[in-house]
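Just so it is clear, none of the values below were taken in a lab; they were calculated from the coordinates. None of the values given here were measured: they were computed from a predicted structure. Note: ideal-geometry Cβ built from the backbone for every residue, glycine included; neighbour counts use all protein chains shown.
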Amino acid sequence: MRKEKKVLNQNNTEEPIRFVCVFCGETIAPGELDPCALIVVAAIDRPRAEQKEQTFYCHINCLKDRSSVAGSFYITDHDFPTIGEIENEQ
Ligand SMILES: [Zn+2]
């Protein structure tokens, strides 16, 4: 069962976090793989202390559509294990 992340709004009541796609600008509805997070590491060729990181959000299909390596998105394979499934196998 999927747990939805929630935040407190101005009325101090909980509501689901809304993610907006960095590519199309639309709100990302929960799906099998959506929402996705893109963690960008700048200066990846330098020591860790010199790098910067930023997280973006996107639809998996918007990312695939803009990628020149769409055929290698094994994360979209239905039998590709979740992190929890990999941890349970260890
Ligand atoms: Zn999108």
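Structure notes:
- Once C-alpha pairs closer than 8 Å and six or more residues apart are averaged by separation and normalised to the residue number of the chain, the relative contact order reads 20 percent.
- For Lys52, the shell of other residues with beta-carbons less than 14 Å away shows a net charge of -1, using +1 for Lys and Arg and -1 for Asp and Glu.
- Placing R0 at 35 angstrom, the Cβ-Cβ distance between Gln54 and Glu89 gives a FRET efficiency of 0.65 after rounding to 0.05.
- Aspartates and glutamates with Cα under 14 Å of Lys5, excluding same-chain neighbours fewer than 8 positions away: Glu14, Glu15, Asp34
- Full extension of the segment from Ala42 to Lys6, taken as 0.36 nm per residue of separation minus the current Cα-Cα distance, would add 10.1 nm.
- Over the stretch 1-53, relative contact order from alpha-carbon pairs under 8 Å, at least 6 apart, %: 17 percent
- Qualifying trypsin sites (Lys or Arg not before Pro) in the stretch 5-52, where qualification requires a DSSP coil assignment and no more than 11 other C-beta atoms within 10 Å, comprise Lys5, Arg18.
- In this label model, Ser67 and Ile17 are separated by 2.1 nm, measuring between points 7 Å along each Cα→Cβ vector.
- The chain - charge dipole about Cα centre, Lys and Arg +1 at Cβ, Asp and Glu -1, debye rounded to 20: 380 debye
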